[in-house]
Amino acid sequence: MGNDIVRELRRSLARQERHFPYIFDSMKAIESKYILISQWKTEYSRYMERVYCYELYHQLRLHQRKSGIAYVWYGEPEKGGNPDFKGKRYKPDLILHVPGMRDNLLAIEVKRIDARRKAIIEDLRKLSEYIHEHGYAEGLLIIFGDAERKDLPDIRKDAISTYGRSIEKVKILLHRSSGAIERIDLNPNRGSLDEVESGDVDG
């Protein structure tokens, strides 16, 4: 019995390691026009989560075909009717799973760089809950945009102090319109922001 559990854990880790490099490549493939949106008859541009999410979903599907992996991407699945969620009105931006089974590999939430602090912390809480209560192997928060956000380390501390160290398993990536992707570490003992290379998302 113990050996079966070890073998399944190893298979689960292998599935995760095969997915994260192409998720990173999918993000790198998103053009800046999908990150900062120009508006007609105005000098202002703005960040739009839905526009970014739809293009991310498109790129994930393209890169998944190349990987040959059988998991399925769903966009904004409503979880209210799922007995595992007990009526919670959750709707993650993206999930990677096997439909009809509790084989949930990844839940993704997306936030603009100028999103409210409270909204970012709430997404971290939900992702942590997906992992620890609903069987998701990984949780990923993607924050996109170029505006300076000096309070990200404080948001990290607030999330940990409010919801505990279990939230550290959630990964956070900061995606700039230049294509640069930075990791925000939720473990305060491992530093703060650093740029990641393709295949290094799992760090």
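Do we have residue 41 as out of contact with any helix residue (DSSP H, G or I) (no Cβ under 9 Å at 6 or more places or on another chain) and either at pLDDT 65 or above or in a loop (DSSP other than H, G, I, E, B) (or both) here?
For residue 41, the condition - out of contact with any helix residue (DSSP H, G or I) (no Cβ under 9 Å at 6 or more places or on another chain) and either at pLDDT 65 or above or in a loop (DSSP other than H, G, I, E, B) (or both) - is met.
Kindly provide the set of residues from the range 113-147 that are buried (at least 20 other Cβ atoms within 10 Å of the Cβ) and assigned to a strand (DSSP E or B), ordered by number.
Once the filter is applied, which keeps residues that are buried (at least 20 other Cβ atoms within 10 Å of the Cβ) and assigned to a strand (DSSP E or B), the range 113-147 yields 136, 138, 139, 140, 141, 142, 143, 144.
Out of the residues in the range 31-48 that are within 26 Å of residue 106 (Cα to Cα) and out of contact with any Phe, Trp or Tyr (no Cβ under 8 Å at 6 or more places or on another chain), state the one that is surrounded by the most Cβ atoms within 10 Å (Cβ to Cβ).
48
For (1) at pLDDT below 85; (2) closer than 21 Å to residue 23 by Cβ, each residue gets a yes or a no:
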{"residue": "135", "(1), (2)": "yes, yes"}
{"residue": "139", "(1), (2)": "no, yes"}
{"residue": "144", "(1), (2)": "no, yes"}
{"residue": "152", "(1), (2)": "yes, yes"}
{"residue": "158", "(1), (2)": "no, no"}
{"residue": "167", "(1), (2)": "yes, yes"}
{"residue": "178", "(1), (2)": "yes, yes"}
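The values are calculated or read from the model by the stated rules, or taken from the named source; none is laboratory data. Just so it is clear, the model here is predicted, and its values are computed rather than measured. Virtual Cβ from ideal backbone geometry, glycine too; neighbours counted across all protein chains shown.
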